[in-house]
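Heads up: the structure comes next, in structure tokens.
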Amino acid sequence: MRTTPGSPRAWLRTHPLFGDSVLAVVVTGLSLVTAELFGTEVSSSGHGPVRAPDALSVALIALACLPLVLRRRWPFVLLCLAELPQITLTALNYDGGLTGLASLVLLYTVAAYRGLALSLVAAAVSSLAYAVAVIVADGQGDWTQHTFAAVVAMAVWVVGRSIRLRRAYLAELVDRAERLERARDADTRAARAEERSRIARELHDVVAHHVSVMTVQAAAARKVLDARPEAAKDALMAIEEMGRTAMREMRGIVGVLRTDGETGELAPQPGMGDLPGLVDQMREAGLRAQLWIEGERRLLPPGIDLAAYRLVQEALTNSLRHAGPSARAWVTVRHEPSELLVQVEDDGRGGTGAFTRGPDDRPGHGLVGIHERVALYGGILRIGPRQGGGFEVRARFPLKD
């Protein structure tokens with residue numbers, strides 16, 4: 001049974017002294033009432049009537065039961081001390097009421113909150129105290145009563161040990177879950193850092209291309225500035241457009257740091273124009289993929305062109321790996337005036353969450369890369385189950401004039 005914050009049970013767990021105090025008062029009161037009710041009965045040992053309760057018996061009963069207030073702090077010491085008033089009550093032929101219940105509670109506390117060795121010693125002390133009380137009472141009670149008392153004490157000890165083991169098991173599960181959560185967060189941060197570094201390397205060529213074109217146009221404008229002013233004007237307009245495009249790309253990658261020292265040249269990056277070849281590759285690999293392109297095609301910013309291509313590539317790769325051998329996939333690219341819609345669907349078994357799983361059933365880093373790419377250009381991404389079964393990845397990239 002779970003406890004919610006603010007509930008009475010949760011409050012009692014955070015204030016154990018209050019609950020133990022109430023328990024001690026209740027057991028003490030019941031023991032006094034029981035001793036008063038049975039104080040005039042004849043003892044079963046045949047050695048005369050039980051002595052009527054008086055101030056001494058009340059004090060002994062209180063000494064046997066009130067230590068329950070501090071049972072969580074010193075359970076073993078209090079168990080040893082509580083046995084002495086009970087033996088004294090038996091020796092003086094007083095009725096002890098329910099003082100034996102206090103011993104059972106202390107025995108349970110030792111078994112539930114202390115180690116195995118100390119709990120075994122507590123069980124031995126409780127058994128020894130019971131045997132001494134029987135001897136002092138001249139063998140009062142028959143073997144059935146003694147057997148029942150031994151069985152009850154053993155059951156209380158076993159319950160206490162079981163609760164202690166269960167508590168330790170749950171604590172281990174919580175600790176393991178926290179360690180796994182920290183490890184997962186560390187893996188996610190590492191994957192994001194790696195993906196950002198890879199995005200920076202991929203966009204390096206795009207930005208460098210704009211700067212190179214601007215340099216060439218500036219040199220041409222300088223040469224024809226006097227002889228052909230119109231040509232110089234066209235070159236300056238091209239430089240302005242390239243500069244704006246480059247600034248948009250640079251704003252998108254601000255804060256993306258290159259964490260490695262690779263400086264080698266990279267091959268030209270693919271774009272949306274290479275999607276037919278990508279779909280053909282997926283078909284050759286065994287995925288029945290189809291491609292639809294809707295709307296009027298337009299020239300996309302190089303960064304969005306690359307990000308959309310990588311999104312389709314990652315989604316089709318995961319469909320190939322996780323959707324199943326007979327699955328089909330659909331790639332839909334819709335060109336709209338103000339945005340680009342890219343959608344990848346499959347009808348396989350990825351709807352159960354397998355899209356995010358690797359061969360060893362651990363979360364993969366593909367989704368992290370997709371989120372980073374789409375967020376880099378202010379896009380909106382949805383990844384989840386598809387109506388009718390399967391999985392879908394849908395992204396909207398805003399296109400600025």
Members of the stretch 331-348 that are in contact with a Lys or Arg (Cβ under 7 Å, 6 or more places away or on another chain) and either under 16 Å from residue 391 (Cβ atoms) or outside any strand (DSSP E or B) (or both): 343, 345, 346, 347
Qualifying residue in the stretch 66-77 (condition: modelled with pLDDT of 85 or more and closer than 22 Å to residue 151 by Cα): yes
Among residues of the stretch 301-330, those that are of a type outside the set (Asp, Glu), open to solvent by 20 Å² or more (accessible area, probe 1.4 Å) and either closer than 15 Å to residue 399 by Cβ or in a strand (DSSP E or B) (or both), counted: 4
Residue 127 in contact (Cβ under 8 Å) with a residue 12 or more places away in the chain, out of contact with any Gly (no Cβ under 9 Å at 6 or more places or on another chain), open to solvent by 40 Å² or more (accessible area, probe 1.4 Å) and in a helix (DSSP H, G or I): yes
Near pairs, Cβ below 9 angstrom, 6+ apart or cross-chain, from the stretch 210-228 (surrounded by 13 or more Cβ atoms within 10 Å (Cβ to Cβ) and part of a helix (DSSP H, G or I)) to any residue that is β-branched (Val, Ile, Thr) and at pLDDT 75 or above: 213/239; 214/239; 217/239; 218/239; 221/239
The stretch 174-197 residues that are open to solvent by 100 Å² or more (accessible area, probe 1.4 Å), paired with ones that are of a type in the set (Val, Ile, Thr) (beta carbon under 6 Å, 6 or more apart): 192/368; 196/256
Odd one out for residue 50 among (1) touching a strand residue (DSSP E or B) at 6+ places or on another chain (Cβ under 9 Å); (2) at pLDDT 80 or above; (3) of a type in the set (Val, Ile, Thr): (2)
Test: residue in the stretch 362-376 that is more than 27 Å from residue 188 (Cβ to Cβ), modelled with pLDDT under 80 and of a type outside the set (Asp, Glu): no
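The values are calculated or read from the model by the stated rules, or taken from the named source; none is laboratory data. Just so we're clear, the structure is a prediction, and the values are computed from it rather than from any experiment. FYI the Cβ positions are ideal-geometry reconstructions off the backbone, even for glycines, and counts take in every protein chain you see. Surface areas here come from the heavy atoms of the whole protein model, side chains and all, with no ligands, DNA or RNA. Shrake-Rupley method; radii C 1.70, N 1.55, O 1.52, S 1.80 Å.
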